[in-house]
Structure formats: structure tokens, C-alpha cells
Amino acid sequence: MIEFFTDYGLFLLKAITIVAAIVIVMASAAAASRKAANQEGLEVEWINKKYEDLSNSLKRVVMKKSDWKAAAKADKERHKAFEKSDQQKPRSFVIDFKGDLKASAVPSLREEVSAILDVADENDEVIVRLENYGGVVHEHGLAASQLVRIRERRIPLIVAIDKVAASGGYLMACVASHIVAAPFAILGSIGVLAQIPNFNRMLDSHGVDFEQITAGKYKRTVTMFGENTDEDRAKLKEELEDVHALFKEAVHRFRPGLDLEKVATGEHWYGTRALDLGLADELQTSDELLTRRSKDRELYKITYKIKQPLQKRLLAQADSALEKLDASAWRRRFESRLPR
């Protein structure tokens with residue numbers, strides 16, 4: 001009996017130890033996650049080494065040992081010679097911008113651009129890897145304005161589009177001095193859209209009145225719950241046409257050679273067609289672009305992380321889930337499906 005209680009006690013002690021260890025690990029992970037989420041500031045990564053390491057890893061396997069040693073020695077001597085010289089390679093500052101409906105990455109973009117403009121000169125360049133389906137007009141207008149700051153300083157700005165730069169995304173892309181796009185990237189959609197459900201008949205059928213009081217004839221036109229009139233719709237249409245005109249003016253400013261009558265119809269095109277229309281300047285992926293640049297330029301990836309309180313992070317996650325649904329609907333509407 002004593003032996004049973006002894007074994008049971010040892011088992012219980014082991015179980016408690018394991019549970020305690022798991023709890024400590026989970027608590028440490030949660031603390032690290034909270035710490036990372038609360039950190040704010042600029043991160044700079046020298047990415048030439050990434051491309052060099054990838055190349056060397058493959059060379060080490062496929063080359064003869066003697067050839068590999070000779071190549072490694074030559075590279076080492078070349079690096080030493082360059083470090084001793086007064087030469088300085090031109091720099092490319094790389095920014096990633098992944099858009100959403102509200103262009104919520106703009107606060108980070110603002111800080112990234114400000115940091116770059118403090119050190120960059122006309123021998124340097126900025127490369128923006130852009131993925132953006134578009135969204136709210138004023139938010140994406142502000143995002144484009146951040147890129148305009150680079151152009152106004154006469155620093156070359158390259159926008160690389162691997163997947164999509166449509167609507168507000170193209171409003172950003174068109175600011176570039178050079179646009180590169182993957183062959184099947186989506187570009188264009190130079191148009192303006194407003195859509196809103198109307199529940200007036202449903203409310204009326206259930207005996208629910210909707211009251212709306214405004215000061216100013218056009219304070220509110222089309223509404224979700226009231227009865228919309230032809231005048232309301234005409235006013236909204238007029239506002240959309242005005243925004244479209246502003247959109248076309250912005251595109252024309254930076255790409256004056258575009259035939260706006262042909263491309264500002266709200267349509268989108270894939271990379272190859274976009275090149276023919278002048279919406280892009282070159283067909284290549286961002287990987288090709290950066291690999292080539294790494295041969296004769298210093299590449300620095302610039303990321304500004306913003307401290308987010310827990311409540312805001314939770315709301316951002318909820319917004320992100322809704323926007324993913326909206327983006328999914330966008331893709332179903334506009335993207336062609338290849339046969340399997």
C-alpha cells in the first residue's frame with residue numbers, strides 16, 4: 001500500500017511539473033507576443049546578404065570543392081577591396097505596402113518615407129512592393145500623397161506589382177517614376193464605385209418608420225433606410241463623377257502619355273496588356289528586380305512598426321476578417337479562373 005502511494009505521489013509530482021512547465025512556456029510566449037506588439041520603431045534590414053547567402057548555399061552544393069573555394073576567396077577579396085576604397089554603392093530602400101479598404105498601413109508608410117527622405121539623395125532610389133485592391137478614396141489618396149513626397153524630392157521611385165494594384169492601388173502606383181509588374185498582375189480599375197443596400201421596403205412592411213433630419217440640402221442623399229429619390233441618386237452620381245475626374249487628373253499628372261479615354265473606364269488589365277496600354281513600364285516580378293539590384297546596389301528593407309493597444313488590435317483583426325471577405329468577393333467578380 002505504501003508503495004502504491006509512493007508511486008502515485010511521484011506520478012502526481014511529475015504531472016504537476018509538466019503542467020507547470022507548459023504554463024511557464026505559454027506565459028513566456030504570451031509575454032513575448034505582448035512585448036513585440038508593444039514595440040514601436042523603425043527596423044532596417046540589409047537584404048543583400050539574403051540574396052548572397054541563397055546563391056552561396058546552392059553554389060556550395062553544385063560546384064566542385066576547388067571551384068567553390070576559389071569563388072568564395074574571390075568574393076572575400078572583392079568585399080575587402082571595396083571596404084578599403086572610398087567608393088559607396090548607390091542604395092535602394094525597399095518598402096512593402098499591403099493595402100486594405102481603409103489603407104490602414106498609411107501611418108507606417110508615413111514614417112518609413114520620412115526616415116528615407118532624411119538620408120536619401122538623387123543617387124539612391126525607393127522601391128515599393130505594392131499589393132492593393134483599393135478602397136476608401138481619401139485614405140488611398142493620403143497613401144499616394146506619401147509617395148508623392150519621394151517624387152518631389154527627385155528621388156527615383158519604383159513600384160513593383162506582383163499581384164494587384166487596382167483602383168486606389170493604382171492611384172498609388174501611378175506616382176512612380178517606373179512601374180514594373182508581373183505578367184499576370186492586375187492593374188487599372190481607374191474608376192469610382194458606391195454601393196449601398198436599401199432596407200426601406202422591409203422596414204415599411206413591418207410598420208417601422210425611419211426619420212432623418214438634416215441641415216443642408218445635400219447633407220445626406222442616398223440612404224440605407226429612407227426612401228431614395230431620383231434626385232438623390234443624381235446627386236450621388238454627380239459626386240462620383242467629380243471624384244473620378246480628380247482620379248484621372250492625378251493619373252495624368254504622373255503618366256501624361258496615357259490615353260485616359262481608353263484606360264479610365266473602370267476596367268482592369270493583366271500585366272502584359274497593361275504594358276501595352278502604358279499602365280506599366282516593364283514586365284518582371286519584384287524578385288527579379290531586387291535580385292538584379294543586389295548585384296550593384298545596397299538594398300535596405302525599411303519597416304516601421306506601430307505600437308497597437310490590445311483593443312485596437314482586436315478591432316483590427318475583426319476589420320481584417322471582414323475585408324478578406326470583401327477582397328474574396330472582388331476576386332470572384334474580377335479575376336478569371338484558369339481551367340484545371
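Some points to look at:
- Positive minus negative residues near Asp276 (Lys, Arg vs Asp, Glu; Cβ under 15 Å): -1
- Cα gyration tensor, region 157-270 - rounded (a/c under 1.5), prolate or oblate: prolate
- Sites Gln195 and Glu40 - FRET efficiency at Förster radius 51 Å, r taken between beta-carbons, to 0.05: 0.90
- Where trypsin sites (Lys or Arg not before Pro) fall in DSSP loop in region 83-171, at most 11 other Cβ within 10 Å: Arg154
- The ranking of Ser92, Ser108, Ser145 from fewest to most other beta carbons within 10 Å of each one's beta carbon is Ser145, Ser108, Ser92.
- Qualifying GluC sites (Glu not before Pro) in region 113-168, DSSP loop, other Cβ atoms within 10 Å at most 13: Glu122
- Here the calculated FRET efficiency for Ser205 and Val243, from their Cβ-Cβ distance with R0 = 25 Å, stands at 0.15, rounded to the nearest 0.05.
- Label zone at Ser177 (point 7 Å along Cα-to-Cβ), backbone N below 17 Å, region 280-298: 281-282, 293, 297-298
- Region 197-251: trypsin sites (Lys or Arg not before Pro) in DSSP coil with no more than 15 other Cβ atoms inside 10 Å: Lys217, Lys219, Arg220
- FRET efficiency estimate (nearest 0.05) - Cβ-Cβ, Lys235 to Glu282, R0 41 angstrom: 0.45
- Global form of region 192-252, assessed from the alpha-carbon gyration tensor, a/c cut-off 1.5: prolate
- If the segment from Leu58 to Asp296 were pulled out straight at 0.36 nm per residue, it would be longer than the present Cα-Cα gap by 83.6 nm.
Computed from the coordinates by the stated procedures, all read-outs in this text should not be read as laboratory data. Remember, predicted model here, so these are calculated numbers, not experimental data. Note that we place each Cβ from the backbone using ideal geometry, even for glycine, and neighbour counts take in every protein chain shown.
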